[in-house]
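Heads up: the structure comes next, in C-alpha cells.
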Number of protein chains: 2
Amino acid sequence: MIPPRLIALDWGTSNLRASLLGAGGACLEERAAATGIMTVVDRQFNAALLTLCGDWLREHAVPLVASGMIGSQQGWVEAPYLQCAASLPQAAAALTPVAVDPDDSQPARTLHLVPGLRCTDADGVHDVMRGEETQIWGADAAPGSCCVLPGTHSKWAWLDGAGRISHFLTFMTGELYALLTTHGILGRLMAFGHESEPDFSAGVRRGLSHSAQATHALFAARTAGLMGQVAPEGLPDYLSGMLIGIEVAGALQAMPATSKPLTLIGDGALCRRYTLALQLAGQASELAAAGAATRGQWRVAVAAGLVMDSP
Amino acid sequence: MIPPRLIALDWGTSNLRASLLGAGGACLEERAAATGIMTVVDRQFNAALLTLCGDWLREHAVPLVASGMIGSQQGWVEAPYLQCAASLPQAAAALTPVAVDPDDSQPARTLHLVPGLRCTDADGVHDVMRGEETQIWGADAAPGSCCVLPGTHSKWAWLDGAGRISHFLTFMTGELYALLTTHGILGRLMAFGHESEPDFSAGVRRGLSHSAQATHALFAARTAGLMGQVAPEGLPDYLSGMLIGIEVAGALQAMPATSKPLTLIGDGALCRRYTLALQLAGQASELAAAGAATRGQWRVAVAAGLVMDSP
C-alpha cells in the first residue's frame, strides 16, 4: 500500500469530506458524512471527526489539514480571514491549529485550519469565502484569469498576474433558488424532478437581458406558469436559468476585461448549467479537473512544511 | 343613517376587507378578516363572505363588487385578465359575475369581480396584477405619471396620457425579504423588532449602486453582520433597504422619462420607506390619499352602471 502522508478535510456547512492522501497528493481513500458544521450538535466536532475517520488517526501518524466553514465563527475554532490579495503561501503561513483528542489514550493531534479570505470593495463592503480559496489553489487556473465556483453561494474569484486571489464576488444564486422553490409562491406552480434545457436556456436569456431588474425578472417564473408558456415540469429549470443568467450578467459586468476562458470549479451537473449559461452570454469557460479541493489542501500542507512533496 | 349603496370587497391572498359605501363612495363601515383566498379551505368563499358581512347582505339590497385575488385561478371564479393598455371603463365593462347565496331563503345576489390586468413586454413575457389596478383607479394619479404600490409583490404602473394603465412591472421585494429573513442564512445574524433609519439608508444606497449585481449585493447583509459593521438590530432594515434600492434602481432604469412625481399607494409605514428610498435615488414622490381601493371600487361600480354617483 502507498503510505499515507496527509489527512485532508473539506468541512463545510452541510458535509464533512475526508481524504487520505499519499505522495504527490494522490488520493488513497475518501469518505464523507452529513456532519457539516450546521448539523453537528453542541460543537462536538472532535467526535464527528473521530466517527468519520478515527481509524485513520489511530493507524496513520500524518498531519491533518481542513478547509471550509469549520474555520468560521460557527465552526470549531475561528481561523481569521486573510485579506485579499492573498496567495497560497500566505494562507499556508497563517494556518490555525486545533487540538484533536484521538480519545484512545494516544497523544493529542493538531488539525490545521486553512484561513478563509476577505476582500473589501471601494465602498468598504466586505465579501468572504471559506473553502473555495483552497479549491482555487487546486484548480490550476491561469494567472490573470477568473474562477467560478457555482453553489449555494456562488463565488467569482479573479487571479492577478502573480496567481494571487485579488478579489471575488459572492452571488446567493443557489440559496435564492432553494428559498423561492421551497417556501415561495413560485414553487406552487412547479413540478420538480424533470429537466428541460430549452426552458433553462430561455430562463438564462431572460436573466441575462433583465439583470438590471433582477427582482422583477424572477416574477416571470410565475406568469410563464400562469399563462401556460412554460410547463410545470419546465418551471424549475426556467427559474434556475434566470438566477444563473442574472449572476452571469452581473459578474461579467463587474469583471476586468480578459480574453482568458473562465475556470469552472465544482460539481459536474451544476458546472454544465454554468457552461451553457456562459455560452449564451458569449463567454468561454473550461472545467477544472475533479479533485480541486484535495489538490489545494495538499498544496497548502506542502507550502506550510507539514508534508514533503517528494515522491 | 346615510343609505348604503355598495358593498365593496378587497379580497386578496391573505385578507378580506369589506366596505359599506354610501353616496359618493363615502365609507360607512369597514370590516376585515384573515380569510384571504389562500386561507379559505375548499373554496368556501360564499361562507367566508357571509361570515364577515352576511348581515349587510340581509339588510341592504345593494350591489356587490370585489377586486383582488378572488378573481384569480385560485379564487372564487376566474375573471379573465384585461390586456394593457387598460382603462377603468374597460374594466367596468368586463366584470365577471358570481352568484352569492345569502343562505337564508333570500334570492341569490351577484358579486361583480373586477378583472386583473396583464401586460406583455417586447420578449412576449407577461406581467399580471389583481387588485392594484383598482387602487390605481382610486388614487387620482396624473395622466402620464407612474404609480408605485409597495408590498409582497410591488407594482410599478405607468399611466398614459389618457389615464389608461399602459404597462407595469412586478418586483418580488416583499416576498424576497420574507424568504431571506425567515428561512435563509441572512436571518441568522439578525435581531428583529427594531428600526434603524441609518442602516436602512445604507442598504438603499448599496441596492441603488449595485442593482446590476442584485444577487451579489444581498450577501452584504451577511458580511456586514459578520464583520460587525451593522448591528444585529440594524440588519433587517439594511436588507430591507437593499431590496427596495434594487427595486427602485431597476424600475427607474426601465421607466420612461417623466418629471412628474411618482404616486405611492398603500400602507403608510411601507410607503414611508419608499419615500426615503426614492429621495435617495433623486426621485420625487407623493402619497395617494388613504382609501384608494374603495374609491377605485366605487368608480368601477359607477362606470359599470351598478350604482349612481348622484348625491
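Structural remarks
- Scope region B:127-145; condition within 14 Å of chain A (Cβ to nearest Cβ) and within 23 Å of residue B:276 (Cα to Cα); matching residues: B:132
- Among the candidates A:299, A:272, A:295, residue that is part of a helix (DSSP H, G or I) and outside the structural domain of residue A:19 (by TED's automatic domain parsing): A:272
- The residue that is surrounded by the fewest Cβ atoms within 10 Å (Cβ to Cβ), among those in region A:275-292 that are more than 16 Å from the chain's Cα centre (by Cα) and in a helix (DSSP H, G or I), is A:279.
- For region A:118-169, a residue qualifies if it is assigned to a loop (DSSP other than H, G, I, E, B), farther than 20 Å from residue A:271 by Cα and free of Cβ contacts under 8 Å to residues at least 60 places away in the same chain, and the qualifying residues are A:121, A:122, A:123, A:124, A:125, A:143, A:161.
- Subset of region B:179-199 [away from every other protein chain (no Cβ under 14 Å) and either modelled with pLDDT under 95 or more than 26 Å from residue A:185 (Cα to Cα) (or both)]: B:194, B:195, B:196, B:197, B:198
- Every residue from region B:223-241 that is facing chain A (nearest Cβ under 10 Å) and crowded, with 24+ Cβ neighbours inside 10 Å: B:224
- Qualifying residue in region B:24-35 (condition: in a helix (DSSP H, G or I) and at positive phi): yes
- When the residues of region B:242-265 are filtered to those that are part of a loop (DSSP other than H, G, I, E, B) and of a type in the set (Ser, Thr, Tyr), the one that is surrounded by the most Cβ atoms within 10 Å (Cβ to Cβ) is B:258.
- When region A:46-68 is limited to residues that are under 25 Å from the mean Cα position of the chain (by Cα), farther than 13 Å from residue A:4 by Cα and not aliphatic (A, V, I, L, M), the one that is surrounded by the most Cβ atoms within 10 Å (Cβ to Cβ) turns out to be A:67.
- If you check A:176, A:82 for being modelled with pLDDT of 95 or more and in the same structural domain as residue A:215 (by TED's automatic domain parsing), only one passes: A:176.
- Filter pass, residue B:212 being surrounded by fewer than 23 Cβ atoms within 10 Å (Cβ to Cβ) and either part of a loop (DSSP other than H, G, I, E, B) or within 11 Å of chain A (Cβ to nearest Cβ) (or both): yes
The values are calculated or read from the model by the stated rules, or taken from the named source; none is laboratory data. Being a predicted model, the structure only gives us computed values, none of them experimental. Cβ sites come from the backbone with ideal geometry, for glycine too, and all protein chains shown count toward neighbours.
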